[in-house]
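The values are calculated or read from the model by the stated rules, or taken from the named source; none is laboratory data. Predicted, not measured: the structure shown is a model, and the values here were computed from it. Cβ atoms come from the backbone with ideal geometry, glycine included; neighbour counts cover every protein chain shown. With ligands, DNA and RNA removed, areas are computed over all heavy atoms of the protein, side chains included. Shrake-Rupley method; radii C 1.70, N 1.55, O 1.52, S 1.80 Å.
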Amino acid sequence: MKNRVLRTLAALCLLLSLGIAGVLCVSAENATAYTYVKLSNGDWSRTQDAYIPDSVTLHSLNLLNPEDLSITSDRIYIADTGNRRIVAVDRATGESFSFGEDNLNTPSGICISENGKAYVADRGSSTVEVFDLQGNHLQSYGRPDEPTFGTKTQYTPTKIAVDPEGLMYVVSTGAYDGIIQMNAEGSFLGYFGYNNNPTTLGDWLIDRFFTEAQKQNLLNKIPLSFRNLVMDGDNLLYTVTMAAEGNALKKHDVAGNNLFSAEMYDETNFVDLCIGPCRQVYAVTETGLIYEYDSEGNLLFSLGGLTASREMVGLFTKVAAVDCDEEGNLYILDQERGLMHMFTPTAFANSVHTALEAYNAGRYEESRSIWESVRRISGSCQMVENGIGNCAFQQHDYDTAAEFYKLAENREGYSDAYWQIRNKQLSVILPWVLGALLLCFALYIVYDKWIYDRIPYRKPGRYTQNLKLVFHAIRHPVDTFESIRWENKGDYFTATVLYIALYLVFVCNYVLRGFVVSASNTENTSLLFVSLIFLVPVALFLGCNFLVGEINDSKARFRDLYIGLAYCGSPFLVIMPFVIVISHAVTLNESRILSLLTIAVYVWCAILLIIFLKEVHRYLLRTVFANLGITIFLMAVVILAASLLGMFADQMVGFFVEVFKEVRLRVS
């Protein structure tokens with residue numbers, strides 16, 4: 001009862017606050033930066049405005065290509081790169097002053113430390129300059145001279161972050177080994193974090209088959225360098241890497257490892273990021289798109305964009321930096337125009353932030369109530385479903401957590417919830433399962449000793465014998481395929497039944513696997529597509545292999561190929577139904593075993609295919625591989641030719657349709 005009252009009050013408060021916000025703030029129809037959220041199916045959906053463009057400022061400062069900004073409780077500090085200075089603006093009065101004109105060359109990054117100092121990365125002079133907050137120059141850090149840093153290492157500081165102890169983290173152009181760490185005296189301590197180069201199939205082939213000299217020329221891949229960085233209140237470092245996909249944003253632990261998932265949604269042209277008061281992460285692209293994530297890297301909102309020509313509040317020409325204040329207001333620096341846009345969070349965004357803050361503080365009931373209120377008002381989306389699922393999980397309501405994780409397509413969360421559900425169910429079901437197994441074992445013994453010998457023997461029929469060949473092919477493939485070719489075992493009818501069964505199992509394996517192991521289901525998968533990727537390869541292989549065999553002195557008849565190929569899928573037909581059923585009862589970690597089993601089944605079928613071709617064609621093993629290679633090549637040629645014919649037919653149909661329309665227009 002208490003929980004229900006809390007949820008009702010939360011919903012009423014949220015409705016009231018959103019209504020007041022709609023009266024006082026700019027309406028969604030007049031907003032220039034609409035807010036979008038991600039749905040579970042991956043589509044974007046417009047939702048209530050999370051941030052309202054408030055103002056565009058700094059017109060009078062004549063900023064020239066500013067590249068960074070930093071917000072404190074009372075001031076805004078801007079790296080005015082083109083004018084070679086730092087500009088400080090009072091947030092309350094708007095009064096400003098500048099400093100560093102005599103010390104800076106090309107200031108491109110600024111960080112205000114907790115000890116009240118302004119650290120400026122100056123890429124023009126390759127130094128880090130330090131000022132107090134009144135603009136007095138205190139110190140200059142040049143290139144580290146430690147032998148471990150090297151004499152040829154490029155050192156061009158562009159961005160900087162400083163921890164409470166004065167340890168500096170410097171992003172340098174061309175520093176591919178990571179972020180440069182220096183202590184308060186400017187001594188080089190090492191590199192922090194790194195960007196891996198993914199190894200492709202081409203890289204593996206080059207490494208495997210090319211000479212050392214060729215490898216040096218072809219495998220000289222340089223990792224991407226970091227673009228920007230920021231430090232949160234817990235002294236954890238966050239970084240941005242441009243041109244990186246899947247790892248553009250990183251949250252580093254103390255060892256430099258990335259805590260964000262590589263599957264998080266990101267952009268390849270992120271230029272800056274900042275941390276909000278509820279530990280949410282804001283990232284901005286060069287084209288003005290603003291993304292907000294929670295502390296775990298889950299996407300919350302997206303807004304912003306480019307302006308075509310004229311100045312518009314909330315739209316940009318070229319973004320350089322982003323920062324936020326203690327109230328969650330966003331400040332976006334437009335480099336090309338030399339202006340700063342301010343965004344104010346709405347009641348909707350504040351509700352989401354309150355839910356996140358309550359969850360991080362361990363107030364799961366309060367957080368869940370707010371999330372449910374947001375869901376009733378704004379509709380269902382991935383952000384809300386994950387939020388409710390997380391709260392339910394922490395409250396040990398695992399059934400509800402699993403339900404919402406499934407709606408959010410969150411397989412990791414669903415796996416954790418299902419693990420708890422399964423453990424609870426096993427304690428109830430396991431005794432019954434063991435009892436059923438013992439009963440089946442006892443019945444088998446009774447049948448084997450007292451009933452089996454009394455049943456009169458009946459010779460199995462023809463179709464029964466042909467179906468038994470499925471299991472015989474698994475255990476004795478050579479004997480099976482020899483009997484098909486030379487003893488005329490098997491027939492067209494049984495083979496056709498097997499093809500139909502294989503097709504049904506293939507479709508079920510594609511769309512009916514458990515949620516944890518597969519993203520495909522009956523709602524997002526076309527039956528026609530699944531049918532084509534099964535039927536087309538089978539039909540092409542039969543036709544092409546028969547033709548190749550005819551010109552290569554093959555002993556096989558088409559009958560042998562048609563029947564034998566069906567039995568090559570015996571492991572798939574026998575094992576995969578069990579795999580499909582088991583896939584609904586495994587967690588994410590256990591699914592790796594299921595994946596290995598699936599790979600083993602496909603490898604088993606491939607081995608049977610090779611044995612089948614060898615026996616029915618009467619080829620040597622090397623001739624089998626040559627036959628198989630030519631068959632695959634011929635299949636590719638047929639597919640290419642069919643594609644070209646299809647495109648040509650489409651063009652011809654379009655041409656005749658246009659001619660018909662033109663003639664009808666002329667006649668009328």
Practice task
Beta carbons within 10 angstrom, averaged per residue: use that to sort the peptides 558-567, 498-507, highest first.
Solution key: 558-567, 498-507
Problem - 3J(HN,Hα) from dihedral phi, the stretch 487-504, Karplus parametrisation 6.51/-1.76/1.60, rounded to Hz, x for glycine, proline - result: 10, 6, 6, x, 8, 4, 5, 4, 4, 5, 4, 5, 4, 5, 5, 4, 4, 5
Fill in the blank from the handout: Env charge @ Q420, Cβ radius under 15 Å, K,R +1 / D,E -1, value -3
Exercise for the section: Convert each backbone phi in the stretch 286-301 into a coupling constant with the Karplus relation 6.51 cos²θ - 1.76 cosθ + 1.60 (shift: θ = phi - 60°), then list the ³J(HN,Hα) values in order as whole Hz, x for Gly and Pro. Expected result: 4, 8, x, 7, 10, 10, 10, 10, 7, 5, 9, x, 7, 5, 9, 9
Completion exercise
Beyond 27 Å (Cα-Cα) in this structure, taken from K38/K159; K117/K251; K250/K424; K38/K424, we find K38/K159; K250/K424; K38/K424
Completion exercise
For the chain, whose charge dipole is built from +1 on Lys and Arg Cβ atoms and -1 on Asp and Glu Cβ atoms, the candidate among H341, A600, V171 with its Cα farthest towards the positive end is A600
Practice task
Return the FRET efficiency for the residue pair L259, E550: r is the Cβ-Cβ distance, R0 is 45 Å, and the value is rounded to the nearest 0.05.
Solution key: 0.15
Exercise for the section: Using Cα pairs closer than 8 Å and at least 6 residues apart in sequence, work out the relative contact order for the stretch 387-541, in percent. Expected result: 14
Handout entry: For the stretch 535-666, with +1 on Lys and Arg beta carbons and -1 on Asp and Glu, the positive-most of G549, G646, N589 along the dipole
Key = G549
Problem - Average Cα contact separation per residue, the chain, under 8 Å, 6 or more apart, as relative contact order % - result: 10
Handout entry: Under 14 Å from K152, Cα to Cα: aspartates and glutamates that are on another chain or at least 8 residues apart
Key = D177
Handout entry: Whether the chain is rounded, prolate or oblate, judged on the alpha carbon gyration tensor where a/c under 1.5 counts as rounded
Key = prolate
Practice task
With a Förster radius of 60 Å, plug the Cβ-Cβ distance of L443 and E523 into 1/(1 + (r/R0)^6) and report the FRET value to the nearest 0.05.
Solution key: 0.90
Practice task
Compare the peptides 287-300, 426-439 by average per-residue count of other Cβ atoms within 10 angstrom and give them in order, highest first.
Solution key: 287-300, 426-439
Problem - Long-range amide H partners of N228 with built H, under 5 Å - result: V240
Fill in the blank from the handout: The extension gain from E95 to A436, computed as 0.36 nm times the residue separation minus the Cα-Cα distance, is 114.6 nm
Exercise for the section: Specify whether the C-alpha gyration tensor of the stretch 447-579 places it in the rounded, prolate or oblate class, a ≥ b ≥ c being the square roots of the eigenvalues: rounded for a/c under 1.5, otherwise prolate if a/b is larger than b/c and oblate if not. Expected result: oblate
Handout entry: 1.4 Å probe accessible area per residue over the chain, in Å²
Key = 53
Fill in the blank from the handout: Subtracting the Cα-Cα distance of H137 and N62 from 0.36 nm times their residue separation yields 24.7 nm
Exercise for the section: Using a 1.4 angstrom probe on the protein heavy atoms only, line up Y359, Y169, Y238 by accessible area, largest first. Expected result: Y359, Y169, Y238
Handout entry: Amide hydrogen neighbours beyond the local backbone of G304, cut-off 5 Å, H modeled
Key = Y34, I290
Fill in the blank from the handout: Looks like the stretch 566-667, by Cα gyration tensor root eigenvalues a ≥ b ≥ c and the a/c under 1.5 rounded cutoff (else prolate when a/b is bigger than b/c, oblate otherwise), is oblate
Exercise for the section: For K661, K250, write out the residues from largest to smallest accessible area, computed with a 1.4 angstrom probe and no ligands counted. Expected result: K661, K250
Problem - Dipole of the stretch 237-299, positive end: most advanced residue of S295, G276, A255 [Cβ charges, Cα centre] - result: A255
Completion exercise
In debye to the nearest 20, the charge dipole size for the chain, taken about the Cα centre with +1 at each Lys and Arg Cβ and -1 at each Asp and Glu Cβ, equals 3960
Problem - Karplus-derived 3J(HN,Hα), 6.51/-1.76/1.60, for each residue of the stretch 62-70, Hz, glycine and proline x - result: 6, 5, 10, 6, x, 10, 7, 8, 9
Exercise for the section: Measure off 7 Å from each Cα along the Cα-to-Cβ vector at A585 and L224, then give the distance between these two points in nanometres to one decimal. Expected result: 4.3
Practice task
Over the chain, with every protein chain in place, what whole percent of the accessible area is carbon and sulfur at 1.4 Å, could you tell me?
Solution key: 59
Fill in the blank from the handout: Looking only at aspartates and glutamates whose Cα falls under 18 Å of K661's and that sit 8 or more positions away or on another chain, we get D650
